[in-house]
Amino acid sequence: MHVLIDADACPVKDEAIEVALRHGYTPVLVSNGGMRPSRYPDAQIVTVPAGADVADDRIVEMAGPGDVAITADIPLASRVLEKGAAAIGPTGRPFTPETIGEALSMRAFSQHLRESGEIKGYNASFSAADRSRFRQALDRALRNAKG
C-alpha cells in the first residue's frame, strides 16, 4: 500500500513520509523533476516528464483501494477517489466521494471569480496548525485504510 504524494508543490512531504512509514506504507513522491533523492532516502521517487497532468496521470495510474493520495489538486483528488483510493489535502482536508462534487464546483466558481477580476488569486499562508491537522488526518486515513 502506498501514500502517493503530489510532490512538486507539497508543503508536507516530510510529514507524509514519516506518517506513512510509521503505518507500514510506502511513501511515493511523484514529481516532474527537482527532487533530491538523498533528502528522502525512505521514499520511492518517481520522476515523470514535464507536461500538463503527467504527474497526476502517474498518481492515478498507481492509485488503488487502500492507498492514500496527498494533493491540493482537487481534480486529481477526484480521479484517485474514482480508483478507490483516499485523498487528503496538505492542510488535512479529506476529500471524499460525498464532498468532492462540492469541492470541484467551488474550485470552478473561484476560478471564474479570479478570471473576472472579482477576487485575487492569493492563498492563505501555510501554518503550523495546518501541518498538525494534516498529520492527524493522514494518520486517521491510514488507520481507516487498514480496516
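The values are calculated or read from the model by the stated rules, or taken from the named source; none is laboratory data. Computed from a prediction, not measured in an experiment: that's the story for all the values here. Ideal geometry is used to build each Cβ from the backbone, glycine not excepted, and the neighbour counts take in all protein chains shown. Each accessible area value is taken on the protein alone, full model and side chains, heavy atoms only, with ligands, DNA and RNA left out. Shrake-Rupley method; radii C 1.70, N 1.55, O 1.52, S 1.80 Å.
A few remarks follow.
- Of all residues in region 1-36, none satisfies the criterion of being among the aromatic types (Phe, Trp, Tyr) and assigned to a helix (DSSP H, G or I).
- Evaluation of residue 23 against (1) under 15 Å from the mean Cα position of the chain (by Cα); (2) within 25 Å of residue 144 (Cβ to Cβ); (3) at pLDDT 90 or above (one fails), failing number: (1)
- Going through (1) surrounded by 19 or more Cβ atoms within 10 Å (Cβ to Cβ); (2) touching a His at 6+ places or on another chain (Cβ under 8 Å) one by one, residue 55 falls short only on (2).
- Within region 65-87, the residues that satisfy the criterion of being within 14 Å of the chain's Cα centre (by Cα) and without any contact (Cβ under 8 Å) to a residue 40 or more places away in the chain are 74, 75, 77, 78, 79, 81, 87.
- Restricting region 1-41 to residues that are open to solvent by 60 Å² or more (accessible area, probe 1.4 Å) and aliphatic (A, V, I, L, M), the residue that is farthest from residue 84 (Cα to Cα): 9
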